[in-house]
Amino acid sequence: MQRLWSWLNGGLLLIGAVIVLWPLAIMVLTSLAPAGTALGTIPAGWTLEHYREAWTRGRFLLAFANSTLVALAVTAAQIITSALAGYALARLSFRGRQLVLLAVLATLIIPFQLLVIPVFLVLKWGHLINTYWALILPTAANGFGIFLLRQYFQTIPVELEEAAALDGANLLQILWEVMLPLARPALVTLFLFTFIGEWNDLFKPLIFTTRPELQTVQLALASFQEQFTNDWPLLMAAVVIATVPVVLLFLVGQRQFIQGIATTGVKQE
């Protein structure tokens, strides 16, 4: 019976892998097909010319630089704000702590699109439209990151902090030297979520920027969309170019990512 269950689990995992990888296979095969090939059809030949054309036409070198700068800046800001707020909500006792936590969780159900008008007005008032700050500041703090680190900090034994306090460490030193090193899986998880989310974001660059030199990867991809028809091999080549960095990033951090998700919220005695 156990052998049968093993075969069933393996079969289900194989089916799931095929379902997930099939669209990616179609994307790669179409990107290598000759011009004029329809999406999903078997190509008559192979060519790498679309990658050269997509790289040049989409100005992906500039787009990669802009997206990397914005994604890293937002990720760093979210890690800092989430670590500070998450530690305060996990360990510090103050009046209204539960209300603050509820307010943080409430932000998770509010789509950013609903806030775009007041955010735009604030950025315009600060003369930040068409700058990198317009792409960084609106998402510099995030309720998900605060809640994620708060939950992970609660899994760390309090005795470690008490020992550090007896050695004369203040709260910031305890956070930096004790809590954050132990919370590396959660930090990697937050890094991946935030970086990939910012890399794939089209909304903010589309609304808050118009200057060509601020073009991000998603704006570069949008430039390949035509009104009535699409050159599918060229478009798929551009999608592959834009996808490869985040796939490699996820493959590098997948072990810490899985550990961070699996252990978050599991309180240790």
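Every number in this text was worked out from the coordinates using simple rules, so none of it is lab data. Just so it is clear, the structure is predicted and the values come from calculations on it, not from any experiment. Methodologically, a virtual Cβ is constructed for each residue, glycine included, from the backbone with ideal geometry; neighbour enumeration extends over all protein chains shown.
Enter the mean projected area of the convex hull around the alpha-carbon atoms of region 117-211, in nm², rounded to one decimal. Walk me through the intermediate numbers first.
Working: hull surface 31.3 nm².
For the Cα atoms of region 117-211, the hull's average projected area reads 7.8 nm².
Suppose only helical runs count, i.e. DSSP H with n ≥ 4. What mean residue ellipticity at 222 nm does that imply for the chain under -39500 (n - 2.57) per run, divided by all residues and rounded to the nearest 500 deg cm²/dmol?
Helices in the chain give a 222 nm mean residue ellipticity of -21500 deg cm²/dmol.
Within the chain, which complete DSSP H helices have Cα atoms spanning at least 18 Å along the helix axis and a mean Kyte-Doolittle hydropathy of -1.0 or higher?
Counting only whole DSSP H runs, the qualifying helices are 2-31, 60-91, 184-199, 232-263.
Please arrange 31, 6, 223 by how many other C-beta atoms lie within 10 Å of their C-beta, fewest to most.
Fewest to most other Cβ atoms nearby, the residues stand as 6, 223, 31.
Cα atoms only: what Rg and Dmax, in Å, come out for region 50-120?
Rg, Dmax (Cα atoms, Å): 19.0, 60.
Count charges around residue 92 for me, please; just the other residues with Cβ under 13 Å from its Cβ, Lys/Arg as +1, Asp/Glu as -1.
+3
Roughly what percent of Cα-Cα pairs across the chain reach past 31 Å?
That tail contains 44 percent of the Cα-Cα pairs.
List the trypsin sites (Lys or Arg not before Pro) in region 70-158 that DSSP assigns to loop (not H, G, I, E or B) and whose Cβ has at most 16 other Cβ atoms within 10 Å. Which are they?
Those that pass, being in a loop and sparsely packed, are 95.
What is the order of 100, 240, fewest Cβ neighbours within 10 Å to most?
Neighbour counts put them in this order, fewest first: 100, 240.
Go ahead and set up a Gaussian network model of the chain, Cα springs under 10 Å, then flag whichever of 101, 123, 92 fluctuates most.
Largest GNM mean-square fluctuation: 92.
Compute a Gaussian network model of the chain, connecting alpha carbons closer than 10 Å, and tell me which residue from 117, 15, 196 fluctuates the most.
Looking only at 117, 15, 196, the biggest GNM fluctuation is shown by 15.
What ranking of 48, 24, 214, 84 emerges when the number of other C-beta atoms within 10 Å of each C-beta is taken as an exposure proxy, fewest first?
Arranged by neighbour count, lowest to highest, 48, 24, 214, 84 become 48, 24, 84, 214.
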